Structure formats: C-alpha cells, structure tokens
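The values are calculated or read from the model by the stated rules, or taken from the named source; none is laboratory data. This is a predicted model, so every value here is computed, not measured. Cβ atoms come from the backbone with ideal geometry, glycine included; neighbour counts cover every protein chain shown.
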Amino acid sequence: MRVTTDADVRRVFDRIADRYDDQMRVWERRLFPGSREWAVGQARGHVVEIAVGTGLNLPLYDAATTTVVGIELSERMLDLARRRVARDGLGARVELRQGDAQRLDLPDGIADTVLSTFTMCTIPDPAAAAREAYRVLRPGGRFVLAEHGPAGNPILRAGMRLVEPLFVRFEADYLTRDPRPYLERAGFEIESVTRAARGVSFRVLAVRP
C-alpha cells in the first residue's frame, strides 16, 4: 500500500477543506454519532488538539475549564478554523498554530489533555504523533481519541482493507489503522476503549503515568 507523506496530507486537506465540514457530518451521523461531543467532554485544563482541522470541536469546549492550542498542518483548514474562532468569539481561550502533530513546537509537560478526533488515521507517522502527545502531556495527563479503525466483523474488515488503498490515495485516510498499539508503545496506559458501529468506531482514553 502507498505510504503518505506530510506533503500528501497537506495537499489532500488543502483540496478538501471547503467541503470538509459537510463531508464529516455525513460520516459522523452515520457511523460516529456523538463522538466529538464525547471526546471534548473528556478534556480538562490546558488542551492541545492535534490536527484541529476547520475547528469543528472548538465551540464544544467548556469555556470555564479549558484553554485550547489547536495545531493544524493544512493552511487552508487553518484559515477556516480561524474564521470559526472569530465568528464564535473564541479568541480569548483558543490559540491556533500551523504545525505538525509529529513534531510539536511545544514545551514538555505543557498539556493536561491532548485531544485527537479522526486524525491518527491520516498522520503519516502515528507512532511519532503518539510520542509527541506523551511528551507534551504532564504526568497524569490524558490523551483522548475518537477514531475509526478495523471493524470487528471480519467480512466488513476485509471490505475495508479492499478499498483502503483508494482512501489512502485520495483522502490520505488509513481505514484499518488501530490507534491503540501506537499509544502503548509511546508509554501510555490505556484506561478505556469503547467500540461501536460494528467495531469501526473507537473511543479511547489513555493516560501518561
């Protein structure tokens, strides 16, 4: 299967940015209902959101308990996120930066929560992203993920693998990438995993010891 690069991911998301919100709402309504709300509901304190995209999560954060640094590789996606921040009056508690989840330009131990929604599936080196999440979290901090992954049903899983090369080529999206091994190898302890939608949907809480 073709291996993506940062340039591939940037090009894909610059291209699809203007239709991204509508596209994601369709997928989430069918397969991942409530996943964003669940993920943001786990966030506490100072949050680093990797691959913040167009900022779909930003209005969901609790203004009383969280501040957010959103990191995004695609400049076009980031432009749309900035518009959302300005439109919704979120500037006092949200900072947006162009950057790479695999090489975060942030100090060690700065975050109480690292949050990722449907992003580990597109990052070229998810192991590096997991290590960076671990590094920027304080001890006891949590990595919160809402993600898709290989289906529990073997027939559906085989179908996902069959079409996966097309998704990787045109959407930079690895359909059957399981996020959990990357977290464990980075040093995280997985607190809980919930699967739904025939096992395609993952909700994962992991803690830095």
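Restricting the first residue to region 138-151 and requiring it to be within 24 Å of R195 (Cβ to Cβ), which pairs with a second residue that is among the basic types (K, R) and part of a strand (DSSP E or B) meet a Cβ separation below 6 Å and a spacing of at least six or different chains?
The qualifying pairs are A146/R203.
Show the residue pairs meeting these rules: Cβ distance below 6 Å; 6+ apart or different chains; first residue within region 119-130 and under 16 Å from D105 (Cβ atoms); second residue surrounded by fewer than 23 Cβ atoms within 10 Å (Cβ to Cβ).
Filtered contacts from region 119-130: A128/Q102; A129/Q102.
With a cut-off of at least 1 residues that are among the aliphatic types (A, V, I, L, M) and touching a helix residue (DSSP H, G or I) at 6+ places or on another chain (Cβ under 8 Å), name the helices (runs of 4 or more DSSP H) lying wholly within region 112-187. Write out each step before concluding.
Working: elements: 126-136, 154-171, 180-186.
Because the criterion is at least 1 residues that are among the aliphatic types (A, V, I, L, M) and touching a helix residue (DSSP H, G or I) at 6+ places or on another chain (Cβ under 8 Å), the helices (runs of 4 or more DSSP H) in region 112-187 that meet it are 126-136, 180-186.
Check R76, R10, R84, R36 and return the single one that is more than 29 Å from G140 (Cβ to Cβ), touching a residue at least 40 places away in the same chain (Cβ under 8 Å), in contact with a Ser or Thr (Cβ under 8 Å, 6 or more places away or on another chain) and not in a strand (DSSP E or B). Spell out the reasoning first.
Numbers: R76 fails: in contact with a Ser or Thr (Cβ under 8 Å, 6 or more places away or on another chain); R84 fails: touching a residue at least 40 places away in the same chain (Cβ under 8 Å); R36 fails: more than 29 Å from G140 (Cβ to Cβ).
Answer to the selection: R10.
Name, by its number, the condition in (1) among the acidic types (D, E); (2) buried (at least 19 other Cβ atoms within 10 Å of the Cβ); (3) in a strand (DSSP E or B) that does not hold for E95.
(2)
Quickly run through region 12-26 and pick out the residues that are surrounded by 13 or more Cβ atoms within 10 Å (Cβ to Cβ) and of a type outside the set (D, E).
V12, F13, R15, I16, A17, Y20, M24
Go through region 53-71 and give me each residue that's part of a strand (DSSP E or B) and modelled with pLDDT under 95.
T66
Which one is surrounded by the fewest Cβ atoms within 10 Å (Cβ to Cβ) among residues in region 130-164 that are under 29 Å from R44 (Cβ atoms) and of a type in the set (G, A, S)? Steps first, answer last, please.
Initially, region 130-164 is screened for residues under 29 Å from R44 (Cβ atoms), giving 130-149.
Restricting the remaining residues to those that are of a type in the set (G, A, S) gives 130, 133, 140-141, 146, 149.
Details: A130: 29, A133: 30, G140: 9, G141: 23, A146: 27, G149: 24.
The selected residue is G140.
Test P107 against the stated conditions and say whether it is in a loop (DSSP other than H, G, I, E, B) and exposed (fewer than 15 other Cβ atoms within 10 Å of the Cβ).
Numbers: in a loop (DSSP other than H, G, I, E, B): yes; exposed (fewer than 15 other Cβ atoms within 10 Å of the Cβ): yes.
Criteria met by P107.
Kindly evaluate F167 against the criterion of being without any contact (Cβ under 8 Å) to a residue 12 or more places away in the chain and either aromatic (F, W, Y) or surrounded by 14 or more Cβ atoms within 10 Å (Cβ to Cβ) (or both). Walk me through it before giving the result.
Working: without any contact (Cβ under 8 Å) to a residue 12 or more places away in the chain: yes; either aromatic (F, W, Y) or surrounded by 14 or more Cβ atoms within 10 Å (Cβ to Cβ) (or both): yes.
Yes: the conditions hold for F167.
Filter region 1-34 down to the residues that are under 18 Å from R177 (Cα atoms) and either out of contact with any Phe, Trp or Tyr (no Cβ under 9 Å at 6 or more places or on another chain) or at pLDDT 95 or above (or both) and list them by number.
Selection gives R2, V3, T5, D6, D8, V9, L31.
Could you list all residues from region 177-209 that are of a type in the set (D, E) and either closer than 15 Å to R131 by Cβ or over 17 Å from the mean Cα position of the chain (by Cα) (or both)?
Looking only at region 177-209, we keep the residues that are of a type in the set (D, E), and these are 178, 184, 189, 191.
Those that are of a type in the set (D, E) and either closer than 15 Å to R131 by Cβ or over 17 Å from the mean Cα position of the chain (by Cα) (or both): E184, E189, E191.
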